[in-house]
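The values are calculated or read from the model by the stated rules, or taken from the named source; none is laboratory data. In this text, all values refer to a predicted model and were calculated from it rather than measured experimentally. Note: ideal-geometry Cβ built from the backbone for every residue, glycine included; neighbour counts use all protein chains shown.
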Amino acid sequence: MATLKSAKRIVVKIGSALLVDRESGKLRAGWLHSLANDVAWLKSLGKDVILVSSGSIALGREVLELPRTELPLEKSQAAAAVGQIRLARAYEEALAPHSITTAQVLVTLEDSANRRRYLNSRATLETLISMGAVPIVNENDTIATDEIRYGDNDRLAAQVAVTVGADALVLLSDVDGFYSANPAMDPDAKRFERVDVITPEIEAMAGDGVSGLSKGGMITKLMAAKMATASGCAMVITEGSPLNPLKTLEDGADCTWFTAQDDPHLARKRWISAMKTRGVLTVDEGAANALQNGKSLLPAGVRHVEGDFGRGDPLAILSPDGRKLGQGLSRYTGDEARAIQGRQSHEIESCLGYPGRAALIHRDDLAL
């Protein structure tokens, strides 16, 4: 069974009901500081940590003295605008004593549905992680409409886990795992310690109880599990209300683990391989050898560019004799790629008139 100590990169989802007191509408500062202790502990073990946190609307609602009933869209967005500032500050203040830098990342469903935005989000998160920061990700409720919303942070957390190639996704919940029935209504409900395959029978067991402050139910958690595990990320549901919830989980708290179906990096490579290509790059022998040795594709190694493609589109990569080496996601448009083909990375700005990325296709976006 997976453990946090065995994971290299961990995404943790925190729901509104854990972060904000249901009665007072105030931040549960003591709980948040205990979570910060857990994050610092994981970071001390060399783990990458990304937090996906609800709470902006719940915090803003209290400040604006809005009722705790379903709000119209414009009032929800106003509450989010006020609450996002307080949410980011709360995380910054909780993690600062551990010398951990925090970063706020606001996203919408469009950011993962659109390949260009997806690559931008991925590059930003990867850069923050590489610099030792802890990204605090939330849906951008101030601008998102129903058509571009995730609608719940369970699935958003799963998408973030897929985007960054996480090994483990932790859903801190108001229940201690996945049950055969709603344990609040059925005293005979049994908790699963492990789910290897999400079958139709498992899906049928999911209830959809919703708390007063959060929108996620067990159905959304199963949807998150299907997304995460198919991409090589194990997922766990555990009760988040105790202090130090991550340490408590690692010490043997009740939970349900959903088994990863694959290695996250292999799953991503297969996803890229399955895409229909929009263009072709022919490379020289040196670039072909570099790719086989795990390097990125630099403009200097590209000899010919075919196709009218955009940033984020999949491209076929051919050897000098026309043999297909693999395919990958372009960091440039077709016109940009033609302008910089054969050029050294330091020449990109003079060719395009603006700074560019060193790699035309990064090795993380490449499947050979």
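Yes/no per residue for (1) assigned to a loop (DSSP other than H, G, I, E, B); (2) in the same structural domain as ARG363 (by TED's automatic domain parsing); (3) surrounded by 15 or more Cβ atoms within 10 Å (Cβ to Cβ):
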position: ALA290; (1), (2), (3): no, yes, yes
position: ALA300; (1), (2), (3): no, yes, yes
position: ARG311; (1), (2), (3): yes, yes, yes
position: ALA316; (1), (2), (3): no, yes, yes
position: PRO320; (1), (2), (3): yes, yes, no
position: GLY326; (1), (2), (3): no, yes, yes
position: ARG331; (1), (2), (3): yes, yes, yes
position: ASP335; (1), (2), (3): no, yes, no
Which one of these is at positive phi and in contact with a helix residue (DSSP H, G or I) (Cβ under 9 Å, 6 or more places away or on another chain): GLY240, GLY286, GLY232? GLY232
Residue that is farthest from ALA123 (Cα to Cα) [pool: residues in the stretch 337-353 that are surrounded by fewer than 20 Cβ atoms within 10 Å (Cβ to Cβ) and either under 29 Å from the mean Cα position of the chain (by Cα) or of a type in the set (S, T, N, Q) (or both)]: SER350
Of everything in the stretch 165-195, what is in a loop (DSSP other than H, G, I, E, B) and surrounded by 20 or more Cβ atoms within 10 Å (Cβ to Cβ)? Give them in sequence order. GLY165, ALA166, ASP167, VAL175, GLY177
Lone qualifier among LEU266, LEU222, LEU169 - being aliphatic (A, V, I, L, M) and in contact with a Lys or Arg (Cβ under 8 Å, 6 or more places away or on another chain): LEU169
Tell me whether the stretch 39-52 contains one or more residues that are over 28 Å from PRO245 (Cα atoms) and in contact (Cβ under 8 Å) with a residue 60 or more places away in the chain. no
Tally, over the stretch 172-192, of residues that are touching a residue at least 40 places away in the same chain (Cβ under 8 Å) and either in contact with a Lys or Arg (Cβ under 8 Å, 6 or more places away or on another chain) or hydroxyl-bearing (Ser, Thr, Tyr) (or both): 5
Restricting to helices (runs of 4 or more DSSP H) lying wholly in the stretch 72-135: which have 3 or more residues that are surrounded by fewer than 19 Cβ atoms within 10 Å (Cβ to Cβ) and over 21 Å from the mean Cα position of the chain (by Cα)? 73-95
Given the conditions (1) under 29 Å from the mean Cα position of the chain (by Cα); (2) under 18 Å from ALA359 (Cβ atoms), which single one is not true for ALA287? (1)
What single numbered condition from (1) in contact with a Pro (Cβ under 9 Å, 6 or more places away or on another chain); (2) without any contact (Cβ under 8 Å) to a residue 12 or more places away in the chain; (3) not in a helix (DSSP H, G or I) fails to hold for ALA359? (2)
